[in-house]
Amino acid sequence: MAKLRVPDSLHICLVGQRFQILSRATDSGFLWPIAKGLAQQGHKVTVISNRSPLGREEVERDGVKAYYLQEGSSPYSGMSFTNAAYQKFLELHRQEPFHIVHSLDDSGRRIGRHRKELKIAMAYDVEATQMSQLFSILGMSQETAGSLLTTYAALVYKFLTTYFGRDRKLLRTADGMFVTNPQQRFLLERYYLYPDLHTYTVPYGAEFGEFSSRETPSELRKKWNLPDHAQIAVTLSDMNEVRELIPLLRAFEKVAIKKPNAYLVLLGTGPNFKKIEFEVLNLALGGRVLMPGAVKSSELIDSIFMGDVFINLSSRSTGFEPSVLEAMANKKVLIGSEVSPLSNLIEDGVDGFLIRPADSESLANLLLEIFAGSLPAQEIGERARRKVLDYFDPQKMVRSTTDAYQKILVRRGLFKSILR
């Protein structure tokens with residue numbers, strides 16, 4: 001039977017263990033604008049995820065149906081999310097076949113292994129690979145011969161173990177890979193041997209509103225006992241790596257000595273919370289570094305808005321962290337890692353600053369300049385907001401995603417050409 005053209009309306013399944021919750025709507029996140037935009041174009045969009053911030057098994061909004069498999073009395077609650085997602089997908093696929101599955105992490109890999117008999121196309125975000133671990137190693141290197149050699153050896157070892165251990169198998173099930181920046185695309189082709197023809201660059205991010213009239217959240221300042229005249233730097237961590245935060249704490253130690261009104265708010269929690277707290281106390285920063293632990297999405301956004309500076313020196317993500325985009329949209333001065341994907345978004349000294357994560361001296365000097373008012377923070381913040389609103393325009397994101405899906409379906413051989 002002759003193959004048909006790609007239909008105008010696609011049945012799309014988005015699979016991801018969690019959506020980054022940074023939207024003002026409590027059950028949406030930074031990928032919701034794409035899901036909503038696809039639905040508005042007439043596509044049927046289904047989300048399979050792990051947990052809902054509302055504690056609900058199902059959410060339907062903006063034409064998108066989302067299933068949360070670890071909530072309530074779900075029959076999948078005792079299974080690993082990878083197996084649960086596969087079983088839920090089969091159930092939904094029998095009711096109405098999907099055209100394409102887009103796995104936002106590696107949790108769709110079991111679906112991908114059966115894509116031929118299921119007669120679907122399979123796409124992954126690059127976050128499904130372990131590429132982020134390579135960025136993390138690069139971020140901790142210093143400009144010394146010994147450090148460079150150590151970094152190179154660690155990179156080679158990590159690449160070989162992650163690529164041959166898992167990533168190569170996953171990439172074999174991929175009909176398309178989504179990346180957000182040129183670094184990821186280059187690494188996929190050069191080192192992961194993934195064809196550039198099947199790689200699609202879609203820099204999706206958060207959905208931003210107009211915040212120019214928003215007041216600084218005074219309730220949060222009161223809750224954390226921050227004085228009204230405090231100068232605040234905010235950062236966010238999953239606290240998996242203690243050494244990732246050591247340069248920041250050492251830099252802030254120098255800032256705290258010279259700026260008695262300076263405070264650092266370290267948001268998040270994780271396995272090394274107590275160890276990081278010990279480092280804070282060991283540097284005598286107990287009264288100047290706040291560690292409130294895990295916070296609600298609304299408090300996270302309020303914290304970003306409350307701060308004068310937002311710092312993200314992590315290199316363990318290969319994409320754009322939603323918190324970073326939120327800070328830029330809120331006109332905050334951003335300090336990021338020069339070896340992270342932020343270097344593709346930020347122009348150093350123009351709409352933010354880029355430094356090497358291990359360079360505590362440069363970070364301390366930069367913070368002192370910002371707090372002293374010797375840098376044009378307001379102008380930098382304005383340029384940051386314009387940059388992020390243009391770069392992550394929702395219409396561009398949805399259009400690029402739709403075009404990628406259509407090409408993946410044709411190259412997969414499920415359809416003969418794109419309908420125009």
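The values are calculated or read from the model by the stated rules, or taken from the named source; none is laboratory data. Everything numeric in this text was worked out from a predicted model, so none of it was measured. Positions of Cβ are backbone-derived with ideal geometry, glycine not excepted, and every protein chain shown enters the neighbour counts.
Applying the condition of being among the hydrophobic types (A, V, I, L, M, F, W, C) and at pLDDT 90 or above to region 308-325 and asking which residue is surrounded by the most Cβ atoms within 10 Å (Cβ to Cβ) yields Ile311. Of the residues making up region 39-78, those that are farther than 22 Å from Leu118 by Cα and of a type outside the set (S, T, N, Q) number 20.
When Arg115, Arg94, Arg110, Arg61 are screened for being more than 22 Å from Ser9 (Cβ to Cβ) and either charged (D, E, K, R) or surrounded by 15 or more Cβ atoms within 10 Å (Cβ to Cβ) (or both), only Arg110 passes. Here is a check on your reading of the model: is Ile380 buried (at least 17 other Cβ atoms within 10 Å of the Cβ), in contact with a helix residue (DSSP H, G or I) (Cβ under 8 Å, 6 or more places away or on another chain), of a type in the set (Val, Ile, Thr) and not in a strand (DSSP E or B)? It is false that Ile380 is buried (at least 17 other Cβ atoms within 10 Å of the Cβ), in contact with a helix residue (DSSP H, G or I) (Cβ under 8 Å, 6 or more places away or on another chain), of a type in the set (Val, Ile, Thr) and not in a strand (DSSP E or B).
Residue-level check: of (1) in contact with a Lys or Arg (Cβ under 8 Å, 6 or more places away or on another chain); (2) part of a strand (DSSP E or B), Phe252 misses just (2). So for region 266-285 (the condition being under 23 Å from the mean Cα position of the chain (by Cα), under 18 Å from Ser360 (Cα atoms) and touching a residue at least 40 places away in the same chain (Cβ under 8 Å)), does at least one residue qualify? No, region 266-285 has no match at all. Can you tell me how many residues in region 54-87 are of a type in the set (Lys, Arg) and either more than 25 Å from the chain's Cα centre (by Cα) or at pLDDT below 85 (or both)? Qualifying residue count, region 54-87: 1. Report yes if some residue within region 287-304 is at pLDDT below 95, closer than 17 Å to Ser337 by Cα and either β-branched (Val, Ile, Thr) or buried (at least 16 other Cβ atoms within 10 Å of the Cβ) (or both); otherwise report no. The answer is no; no qualifying residue exists. Any chance region 390-397 includes a residue that's out of contact with any strand residue (DSSP E or B) (no Cβ under 9 Å at 6 or more places or on another chain) and among the aliphatic types (A, V, I, L, M)? There is at least one residue in region 390-397 that is out of contact with any strand residue (DSSP E or B) (no Cβ under 9 Å at 6 or more places or on another chain) and among the aliphatic types (A, V, I, L, M). When Val398 is tested against (1) among the aliphatic types (A, V, I, L, M); (2) touching a residue at least 60 places away in the same chain (Cβ under 8 Å); (3) over 27 Å from Ser132 (Cβ atoms), only condition (3) is not met.
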